[in-house]
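To start, the structure itself, in structure tokens.
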Amino acid sequence: MSAALRPLLIVVVLVLALAPFGLPPFAMTLLTEALILGLFAMSLDLMFGYTRLVSFGHAAAYGLGAYASGWLLLHTGMPLLFAVFGAALLTGVVAIGIGWMCTLATGVSFSMLTLAFAQLLYAISFKWTSVTGGSDGLAGIPRTPGPFGFAALTSKIGFYYLVLACLVGAFLLCFALVRSPFGAVLRGIRENEAKTIALGYNTRLYKIAVVAVAYALGGLAGALYAPFAGFANTELLFWLLSGQVLIMVIVGGSGTLVGPILGAAFFMLMEHQLSSWTEAWALYFGLIFIAFVLFAPQGIWGLATGRLQMGRLRRASGP
Amino acid sequence: MSTVAFLLTQVVNALSQSALLFFLGVGLTLIFGLMRIVNFAHGALYMLGAFVGYSLSHWSGNFWIALVVAPVLVGLFGAAFEFTILRRLYRRDAPAFLMVTFGLALVVGEAVRLTWGSDALQVPAPPLLADVIFLLDEPFPLYRLFLVATGIVVAVAIWQFLERSRLGLLIRATSQNADMASALGVDVKRVRSSVFGIGCGLAALGGMLAAPLVTASNGMAATVIIDAFVIVIIGGMGSFLGSLIGALLVGFVQVFGNYYLPDLALAFMYLVMLAILMVRPGGLLGKEA
């Protein structure tokens, strides 16, 4: 990301921070969900965009985070903040195991292993009724207020700020990560893993680490979703969500961190707008994806920054 | 019921399930072997086959006409999709295909819902096969035996087609090295269009044949695509024989798992797949790790 875009991002965050003062409650609900999905998509970008680890099972992170925070809030009376971060941490720890096994393979086999783990969790969520509620899922998840003045975060607007803070925090973390030497190794794996190994890096450890971080952040998104929606159900673990989040990353522009957040917001807005215009929204949705692949391979972010750069070039070469 | 008779019926059940899965998996694996595309729309085309078959058998009043024509129509649709859209993308990376076939799956799924509605539709088995026969004094639907027979016939036909026919030779050559095949004068573009069409047609054949057992419904695409992925992964992406073994394995795991371990049945298939991939990351007969 070029330095010129940094002020723009700060403005965007400020606008988002001021949004509750200008938007009706209904729009705030949509915006909150868009930010949660944005966090989810950005977490996948670490694996997909920076390391070329194509996960077909990222719903595993989202669903695990959602079920974990939902269960903690329902059954332990733990305050909201602890439950959310505890669930994210748990997802990250589980992901170390998943990452260890999935990175035995590469390429399409890696994708399919991640899918297998997600579907395994999906199957478990159906059958382990005493914990997951089976096909009904967990319902009536409360936002338990905490002891040290965290109670403010449990209101509708307060929760929005919690989500925004998580997204900004996670973005800064990912941004620092991809600019660090660690991130350089990840890009090395993306471009040419054999060379990176030859340079003396144990690439498998790096891959497991990035899987763990990506799942933990994806788990954070899921952990926020459960108290946001008040429920967690098996659909949060279904492969369709894994496919959708991958599309969000690609539509937004992979390997950019910001792009996938835009992709998620675009996805949500389109789904919402199209479904209010027409019954057959999925039809137009599909056509839009196909059009994106054909005409905008760099995604929304690529379109936007390409336009910016072109404008700058034109100005530079102008009279 | 005697144990032997029970086992026999379960085995035939599993074989008929495997036949349906094989139609799905073999198309997917052929397409992957040739073009390195994971076709997300495969389940949707399976569903499309079932619905087109429903309409055709209603208009013509003849199951057999529908059984032949529906896969051909869906196959032509697949070839047209390759011709108009996929063809522009071969220089691009895998995510482009993922997205475009995911988009196709959405479009086909929605088009089916708009055309045929949301209700499940009954496709009756032809009168000839609607009967029940007795296996060791146990009644057994003849239709399932017919599925097993069809599966064997189609598997042998595809095998012979790949080994003996000219197009089969070109397909194998292009799978191994598309650039070299092209340099030797093979019209690689046409081979790709045909294989994508054939793969889609086979999926439609599976859907059409499954319809009398499970009805044609909007939900049939979402579950079946994952089964197909599992088969292809277990067998090794791009391997014909692998897809046959994968289909048999998954068919038996599903049928016997459902009976003996109903609580684990859903998870069992994935556990088998995980175990196999742990040992052989490229699948049983796959070349890539």
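The values are calculated or read from the model by the stated rules, or taken from the named source; none is laboratory data. Computed from a predicted structure; not experimentally measured. All Cβ positions, glycine included, derive from the backbone under ideal geometry; neighbour counts span all protein chains shown.
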Count of residues meeting criterion [more than 17 Å from B:Asp119 (Cα to Cα) and touching a strand residue (DSSP E or B) at 6+ places or on another chain (Cβ under 8 Å)] in region B:213-228: 0
query: Are there any pairs with C-beta distances below 9 angstrom linking a residue in region B:209-232 that is more than 10 Å from chain A (Cβ to nearest Cβ) and touching a residue at least 60 places away in the same chain (Cβ under 8 Å) to a residue that is acidic (Asp, Glu) and assigned to a loop (DSSP other than H, G, I, E, B), with the two at least 6 apart or on different chains, and if so which?
result: B:Ser217/B:Asp119; B:Asn218/B:Asp119
query: When you look at A:Gly97, is it without any contact (Cβ under 8 Å) to a residue 60 or more places away in the chain and within 15 Å of A:Ala216 (Cβ to Cβ), yes or no?
result: yes
- request: Select from region B:20-49 the residues that are more than 12 Å from the chain's Cα centre (by Cα) and within 15 Å of B:Val108 (Cβ to Cβ) and write down the one among them that is surrounded by the most Cβ atoms within 10 Å (Cβ to Cβ).
  value: B:Leu48
Answer residue from region B:254-265, given it is surrounded by 19 or more Cβ atoms within 10 Å (Cβ to Cβ) and within 19 Å of A:Ile124 (Cβ to Cβ) and is modelled with the highest pLDDT among those: B:Gln254
- prompt: Considering region A:112-141 alone, what residues qualify as being of a type in the set (S, T, N, Q), touching a Phe, Trp or Tyr at 6+ places or on another chain (Cβ under 8 Å) and more than 8 Å from every other protein chain (Cβ to nearest Cβ)?
  reply: A:Thr114, A:Ser125, A:Thr132, A:Ser135
message: Please verify whether A:Leu162 is crowded, with 19+ Cβ neighbours inside 10 Å, touching a Leu at 6+ places or on another chain (Cβ under 7 Å) and closer than 28 Å to A:Ile10 by Cβ, treating the condition exactly as stated.
response: yes
query: Does B:Thr84 satisfy the condition of being crowded, with 22+ Cβ neighbours inside 10 Å and of a type in the set (Val, Ile, Thr)?
result: no
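Any residue at all in region A:151-161 that is charged (D, E, K, R), assigned to a helix (DSSP H, G or I) and within 14 Å of chain B (Cβ to nearest Cβ)?
Scanning region A:151-161, I find no residue that is charged (D, E, K, R), assigned to a helix (DSSP H, G or I) and within 14 Å of chain B (Cβ to nearest Cβ), so the answer is no.
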- prompt: Which condition does B:Asn13 not pass, out of (1) in contact (Cβ under 8 Å) with a residue 24 or more places away in the chain; (2) over 23 Å from B:Gly197 (Cβ atoms); (3) surrounded by fewer than 19 Cβ atoms within 10 Å (Cβ to Cβ), if it passes all the others?
  reply: (3)
- request: Answer yes if at least one residue in region B:69-79 is away from every other protein chain (no Cβ under 14 Å) and free of Cβ contacts under 8 Å to residues at least 40 places away in the same chain, and no otherwise.
  value: yes
query: Quick one: which of B:Leu248, B:Leu285 is in a loop (DSSP other than H, G, I, E, B) and crowded, with 19+ Cβ neighbours inside 10 Å?
result: B:Leu285
- prompt: For A:Gly222, are the conditions met, namely being crowded, with 22+ Cβ neighbours inside 10 Å, on the phi < 0 side of the Ramachandran plot, out of contact with any Cys (no Cβ under 9 Å at 6 or more places or on another chain) and in a helix (DSSP H, G or I)?
  reply: yes
message: Could you check region A:184-219 and list, in sequence order, the residues that are in a helix (DSSP H, G or I), without any contact (Cβ under 8 Å) to a residue 24 or more places away in the chain and among the hydroxyl-bearing types (Ser, Thr, Tyr)?
response: A:Thr196, A:Thr203
statement: Residue count, region B:113-141, condition over 25 Å from B:Asn62 (Cβ atoms) and modelled with pLDDT of 85 or more, comes to 2
